[in-house]
Amino acid sequence: MKSLFSLTRFIQFWRAVAFVALSAFIMTVGSEKMYWYIQGLGAAGDASLLVLVYMMPVLVALWFVARGGTTLAGLIIAGATFGWVVEGVITAELYGDGPIGPFFPSYFAGWHGLLSLVTLWYLFRKWAVAGNRWLLGSTAAALGVFWGWWSMSYWLPDAIDDPDLVEAGFDVGVWTADKFAAYAFIVGGALATAHWLIGYVWPDRWCPSKRWTVISLGLITLMAGPVLLGVPWGVLKLGALLGIAWWANHRRPSDEPTVFSALRGRASVADVAPILVMPLTASMVYTIGLAVRPGDAVLSILSFWIPTTLVAFAGGAAVLWAVRQRRRETTAAMDSQLPKTPGLETSQQEPQTSS
């Protein structure tokens with residue numbers, strides 16, 4: 001019995017690791033591979049290392065997902081924490097607008113949060129499990145348009161001549177249409193495959209043990225050390241942002257359902273296939289851009305400033321709405337569990353009069 005129990009725990013542990021790793025891969029598509037396509041595919045070891053690094057912020061995000069209920073508000077808050085940890089722990093980009101600057105928190109809540117976690121991880125999973133191929137395909141098509149449009153920002157001279165990108169070994173310059181299409185379909189195919197595989201390890205519930213939590217916090221602290229040493233006040237900004245996310249879910253009912261049980265099940269190959277529309281439309285937009293080839297001034301406005309502004313505005317507005325909505329949800333849920341005052345009906349009766 002003891003050996004059987006140990007084997008069961010062993011299997012459960014590695015299923016959990018596989019779930020986190022596949023979740024991390026799905027989110028790296030939105031957080032890395034769609035925008036930083038000039039990184040290229042890299043070697044298998046590079047991809048594995050990238051997923052391993054992203055597993056840390058994903059664990060933080062899953063902690064908030066497990067406390068965010070089943071509504072969109074909880075997912076938006078969890079996505080924001082994912083973006084803030086990625087850019088505040090792995091890199092110091094979160095602190096580029098100063099101690100109280102709102103731009104980068106909003107921008108990363110939109111980019112990493114709305115794109116990577118809410119759309120690619122949650123909504124794609126939701127529609128694939130439900131077999132809603134039309135909605136999955138139409139959303140993938142819209143994201144593909146955005147992907148191809150956003151990618152044109154690397155045609156600008158500032159990006160081509162950027163010494164940091166060149167030193168990092170990125171494939172800077174204007175890619176040909178067939179080269180971009182090959183890259184997009186490999187990434188899109190890997191994303192669809194990950195969504196098919198994750199159904200085999202999707203948990204009915206996600207409640208990390210104290211050991212998981214301690215190990216995760218320890219690794220995140222080690223990763224954050226070099227970053228925060230250069231930005232001493234960074235821990236206050238990151239702590240305040242994560243504190244807001246925690247407060248939004250504060251006093252939630254302990255038995256509140258989560259998205260994990262709602263999204264369990266296995267999606268078929270046909271159900272995840274519409275994801276491939278995303279690289280298709282991205283390649284089409286990229287090819288059209290090459291044919292039109294707007295000037296640098298127009299390209300800067302269309303492919304950099306407009307999407308950057310939209311992402312930042314959408315992220316900030318979504319977080320403000322989600323925090324307010326989530327507080328309403330938790331307050332309403334707690335109020336519904338309060339015991340009713342006895343004798344209320346009796347006290348509301350008309351008083352008896354003696355004759």
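Here is a yes/no grid of residues against (1) surrounded by 24 or more Cβ atoms within 10 Å (Cβ to Cβ); (2) assigned to a helix (DSSP H, G or I):
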residue: MET55; (1), (2): no, yes
residue: LEU59; (1), (2): no, yes
residue: GLY69; (1), (2): no, no
residue: GLY74; (1), (2): yes, yes
residue: GLU87; (1), (2): yes, yes
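Being part of a helix (DSSP H, G or I) and either farther than 16 Å from THR91 by Cβ or charged (D, E, K, R) (or both) is the filter here, so list the residues in the range 222-250 that pass it. Those that are part of a helix (DSSP H, G or I) and either farther than 16 Å from THR91 by Cβ or charged (D, E, K, R) (or both): LEU236, LYS237, GLY239, ALA240, LEU242, GLY243, ILE244, ALA245, TRP246, TRP247, ALA248. Number of residues in the range 177-196 that are touching a residue at least 60 places away in the same chain (Cβ under 8 Å) and farther than 14 Å from ALA273 by Cβ: the value is 7. I'm checking my understanding of the structure. Among residues of the range 173-190 that are among the β-branched types (Val, Ile, Thr) and farther than 16 Å from GLU32 by Cβ, which one is modelled with the highest pLDDT? Per the stated criteria, the residue is THR176. Among the residues of the range 291-309, those that are part of a helix (DSSP H, G or I) and loosely packed, with under 15 Cβ neighbours inside 10 Å comprise ALA291, VAL292, ASP296, ALA297, VAL298, ILE301, TRP305, ILE306, THR309. Screening the candidates ALA109, ALA168, ALA159 for the property of being under 24 Å from SER283 (Cβ atoms) and either of a type in the set (A, V, I, L, M, F, W, C) or surrounded by fewer than 16 Cβ atoms within 10 Å (Cβ to Cβ) (or both) yields one hit, ALA159. Among the residues of this structure, ILE26 counts as one that is modelled with pLDDT of 95 or more, part of a helix (DSSP H, G or I), buried (at least 17 other Cβ atoms within 10 Å of the Cβ) and of a type in the set (Val, Ile, Thr). Within the range 89-106, count every residue that is buried (at least 24 other Cβ atoms within 10 Å of the Cβ) and among the charged types (D, E, K, R). Residues meeting the conditions: 0. The single residue among ASP296, ASP271 that is in contact with a Lys or Arg (Cβ under 7 Å, 6 or more places away or on another chain) and of a type outside the set (S, T, N, Q) turns out to be ASP271.
The values are calculated or read from the model by the stated rules, or taken from the named source; none is laboratory data. A quick note: this is a predicted structure, and the numbers were derived from the prediction, not measured. Don't worry about glycine lacking a Cβ; one is built from the backbone with ideal geometry, like all the others, and counts go over all protein chains shown.
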